[in-house]
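Shown next, in structure tokens, is the structure this report addresses.
The values are calculated or read from the model by the stated rules, or taken from the named source; none is laboratory data. All values derive from a computational prediction rather than experimental measurement. Note that each Cβ is placed from the backbone with ideal geometry, even for glycine, and that neighbours are counted across all protein chains shown.
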Amino acid sequence: MPVKSLTIILPLILLLLSGQIHVSGQTGEPPANGQQSPDSAILLEKITIEGFRLSSHLRLFPGNMAVVSGRELSPADGTSLATTLNTIPGVIMQSGTYATNRIVIRGMGSRTPYNTNRIKAYLNDIPLTASDGISTPEDIDASGLARMEVIRGPASALYGSGLGGSINLFTPDKLRQEGILNAGYGSFNTLRTGFSGTLNTEKSGWWGSLSHLNSDGYRDNNEFNRTTLITTGKWRQPKWTLKSTLFLTRSDGEIPSSLGKTQFENEPRAAAPNWAEIKGYKRIRKALAGVTLFNSLSPTLSSQLTLYGKWSDNYEKRPFNNLGDRTLSAGLRGKLSHTRKLTDWVLGIDWSVEQYKWKLDKDNDLLNENRENRSHLSLFAVVNYRPVQKLNVSLAGNLIGIRYRLTDLFAGDGDRSGSRNFPLIASPRLGINYAAGDRLAFFASAGHGFSMPSPEETLLPEGNVNPDIQPEQGMQYEAGTRMRLFEEALEAEISVYRIDLRNLLVTKRITEDIFTGINAGKTIHHGMELLLRNRIFDFRNFPGKLTSALSYAFSRNRFIDFTDDGNTYDGNKLPGIPEQNAQLQLLWNPAADLAIHARLQYTGSQFLNDANTLNYGSYFLLHLKLQSAFPLKKAGNLNIYAGIQNLTGTHYASMLLVNAPAFGSGEPRYYYPGLPRHFYAGVEFRF
């Protein structure tokens with residue numbers, strides 16, 4: 001049977017087998033008293049979420065949301081957030097190296113060359129996203145997280161600018177004292193170490209995580225090291241609570257860059273020749289600090305005020321020139337919440353100012369230097385109305401004003417200073433959730449989203465402010481259902497969506513070192529997403545417990561009105577977006593302290609250019625992990641694990657650069673080689 005046909009039929013077969021296999025498994029003995037089910041990526045009833053800036057149960061949420069928690073945050077060796085994000089249907093994280101990543105949600109952001117700029121990311125409700133729209137949630141080590149909430153698609157009414165949606169990260173909030181030491185080692189001399197701990201008193205609590213990752217890398221010129229510190233503190237009083245968050249990270253990563261087809265197929269370990277020659281690298285230093293005051297004004301009225309500041313200092317050594325940039329920003333986020341039996345509402349404000357400075361040099365000669373000041377002001381409101389117990393209607397809106405001012409600090413080529421005041425952007429959203437019972441719920445929503453152009457996209461090739469560039473805007477329509485069936489042995493979420501996008505932002509590469517942006521037309525995105533979690537069997541003794549999780553996404557993303565350099569691409573598929581993605585996870589616990597994980601990942605074919613003349617084929621990956629726990633009486637618990645990634649040794653591209661240009665006689669460099677078969681092992685001590 002062809003691979004394409006197989007992947008279309010696979011989810012249907014798994015859906016049927018989920019119920020049938022479960023029935024045969026339940027003829028055995030019931031689970032032992034007190035036995036807990038494994039942590040879940042989606043629990044329809046038990047997990048409390050922060051979506052819509054209101055705490056609620058996932059089953060009642062009027063829209064799509066994926067919640068990842070517990071062991072699901074690090075299903076492999078824990079060195080990359082991609083392993084976790086790619087388990088969520090509709091979300092694709094491509095990793096060229098530890099320092100080069102791109103996150104695409106429902107097709108949004110696939111054209112961004114080397115980073116993520118169509119989503120919003122938050123840490124404890126503090127924005128990680130810079131004012132230019134660039135998000136790097138992968139800077140945070142997964143071991144420092146307790147939960148992740150992902151909303152797919154336009155959600156500006158809820159979380160500001162971000163056509164792709166939002167990724168909200170939360171650190172642990174534990175009540176008991178705990179310490180965790182971990183260390184892991186793997187192929188390519190990859191070493192990961194970390195320590196985290198919790199200390200609580202009657203009225204305060206402290207938690208912190210320090211981690212380090214070091215790797216020689218699979219490819220030439222591919223060394224990487226990163227150190228990350230996250231701490232939180234909480235002070236509790238009867239009427240108020242004060243919470244602080246501090247995040248520090250520093251990383252140094254060599255850049256092997258992408259390869260042309262010939263080198264990718266024959267020398268995947270090689271770095272691109274021009275990057276290898278100058279030993280190109282990227283140095284990143286970042287800091288984030290914030291404090292949040294939660295205040296109970298009455299039994300039904302509460303307030304929350306967050307003040308935060310961010311700083312970054314980065315440097316990139318490149319073949320064509322060197323880029324140094326520095327960012328300094330501050331902001332506040334406040335909301336007033338009112339909760340009643342039938343209604344609740346939130347009124348809020350987001351305000352931030354940011355100064356972004358960058359300069360280009362080559363051979364110690366300054367080529368360019370600029371400063372851009374950005375100001376964002378957002379007013380938002382969310383109202384939930386429950387006319388009957390089973391129905392939740394949510395209406396949200398966001399009004400955003402954005403200003404840019406560019407100051408040219410390089411006198412060598414004339415003064416190119418300028419400013420842009422974008423018109424106010426209104427982003428409404430309507431969501432409905434109907435819970436037919438404890439085991440079945442339906443939801444539908446319609447919402448607006450937008451993404452602002454990056455600093456490069458706001459400038460013309462000669463460096464002047466582009467007076468015509470506009471934000472990318474879109475409307476999403478979605479509907480879906482959440483189910484718990486067969487005595488809660490099967491959990492499912494199915495959703496379909498459509499996104500109409502206009503003023504499509506296209507990053508054009510004029511030369512090897514000059515980019516600009518244009519608004520190039522309209523696109524349409526259709527898709528279906530499926531998530532199934534099933535308890536296949538559950539016995540007190542051998543064979544123990546077997547659970548599965550299947551995520552599947554099918555999407556069609558097309559240009560509706562798109563002309564570039566005189567070429568019309570109307571009707572073509574958007575490049576860089578696989579039409580199908582599937583991931584099957586199996587977790588087998590043959591004994592109480594033994595776990596065997598298997599993960600099969602399928603990535604469908606995708607086009608490499610707008611003309612749809614180049615195609616990159618589909619591929620499968622298989623990963624295995626063995627984990628065992630050893631209680632040490634009063635000393636704590638010792639966990640040991642080992643695993644194999646890419647068991648079949650598949651040769652594949654872990655990241656693709658769409659519309660890659662060719663310079664001189666060289667081939668277009670579309671491909672970042674993925675890791676071959678590799679191994680890892682580690683130990684974790686909890687006390």
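Just a few scattered comments:
- Close Cβ contacts (under 8 Å, 6 or more residues apart or on different chains) running from residues in the range 270-285 that are more than 11 Å from S257 (Cβ to Cβ) to residues that are assigned to a helix (DSSP H, G or I) and not aromatic (F, W, Y) comprise I284/D139.
- Within the range 549-571, the residues that satisfy the criterion of being surrounded by fewer than 17 Cβ atoms within 10 Å (Cβ to Cβ) and either within 18 Å of I499 (Cβ to Cβ) or small (G, A, S) (or both) are R556, I560, D561, G566, D570, G571.
- For A591, the conditions (1) surrounded by fewer than 16 Cβ atoms within 10 Å (Cβ to Cβ); (2) within 22 Å of L530 (Cβ to Cβ) all hold with the exception of (2).
- Note on the range 629-658: among residues that are under 26 Å from G217 (Cα atoms) and polar (S, T, N, Q), the one that is farthest from the chain's Cα centre (by Cα) is T648.
- Apart from one condition, Y315 fits all of (1) more than 30 Å from Y385 (Cα to Cα); (2) in contact (Cβ under 8 Å) with a residue 40 or more places away in the chain; (3) not acidic (D, E); the exception is (2).
- Matching option when the condition is touching an Asp or Glu at 6+ places or on another chain (Cβ under 6 Å) and either modelled with pLDDT under 95 or more than 27 Å from I103 (Cβ to Cβ) (or both), among R535, R540: R540
Every residue, every condition in (1) within 30 Å of G431 (Cα to Cα); (2) charged (D, E, K, R), yes or no:
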site	(1), (2)
A155	yes, no
K174	no, yes
L191	no, no
N214	no, no
R219	no, yes
R236	no, yes
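- Residue in the range 298-316 that is crowded, with 17+ Cβ neighbours inside 10 Å and among the aliphatic types (A, V, I, L, M) present: no
- Within the range 560-586, tally of residues that are more than 24 Å from S495 (Cβ to Cβ) and assigned to a strand (DSSP E or B): 6
- Count of residues meeting criterion [surrounded by 14 or more Cβ atoms within 10 Å (Cβ to Cβ), more than 26 Å from D344 (Cα to Cα) and not polar (S, T, N, Q)] in the range 402-427: 12
- Flag for F442 being farther than 18 Å from G164 by Cβ, surrounded by fewer than 20 Cβ atoms within 10 Å (Cβ to Cβ), in contact with a helix residue (DSSP H, G or I) (Cβ under 6 Å, 6 or more places away or on another chain) and not charged (D, E, K, R): no
- Taking the numbered list (1) at pLDDT below 90; (2) within 30 Å of S454 (Cα to Cα) in turn, T201 passes all entries but (2).
- Scanning the range 612-628 for residues that are under 30 Å from E579 (Cα atoms) and of a type in the set (A, V, I, L, M, F, W, C), we see that the one that is surrounded by the most Cβ atoms within 10 Å (Cβ to Cβ) is L621.
- Filtered by the rule that a residue be among the hydrophobic types (A, V, I, L, M, F, W, C) and closer than 21 Å to S454 by Cβ, the range 395-423 gives I400, I402, L406, L409, F410, F422.
- Counting only strands (runs of 3 or more DSSP E) that sit completely within the range 70-177, those holding 2 or more residues that are out of contact with any helix residue (DSSP H, G or I) (no Cβ under 8 Å at 6 or more places or on another chain), of a type outside the set (A, V, I, L, M) and more than 24 Å from G401 (Cα to Cα) correspond to 91-97, 100-105.
- Of all residues making up the range 634-661, the number that are touching a residue at least 60 places away in the same chain (Cβ under 8 Å), small (G, A, S) and more than 21 Å from R192 (Cβ to Cβ): 2
- Residue count, the range 629-670 (criterion: touching an Asp or Glu at 6+ places or on another chain (Cβ under 9 Å), in a strand (DSSP E or B) and either buried (at least 20 other Cβ atoms within 10 Å of the Cβ) or aromatic (F, W, Y) (or both)): 4
- Beta carbons closer than 6 Å, at least 6 apart along the sequence or on distinct chains, pair a first residue in the range 173-202 that is surrounded by fewer than 14 Cβ atoms within 10 Å (Cβ to Cβ) with a second that is modelled with pLDDT of 95 or more for N189/D216.
- Of all residue pairs spaced 6 or more apart or on separate chains, those with beta-carbon atoms under 6 Å, a first member in the range 137-152 that is surrounded by fewer than 23 Cβ atoms within 10 Å (Cβ to Cβ) and a second member that is assigned to a strand (DSSP E or B) and of a type in the set (F, W, Y) are A146/F170; R147/F170.
- Residues satisfying the stated conditions in the range 346-370, i.e. in contact (Cβ under 8 Å) with a residue 12 or more places away in the chain, farther than 17 Å from K310 by Cβ and of a type outside the set (D, E): V346, L347, G348, I349, K359, L360, K362, L366, L367, N368, N370
- In the range 477-497, the residue that is nearest to the chain's Cα centre (by Cα) out of those that are surrounded by fewer than 17 Cβ atoms within 10 Å (Cβ to Cβ) and of a type in the set (D, E, K, R) is E488.
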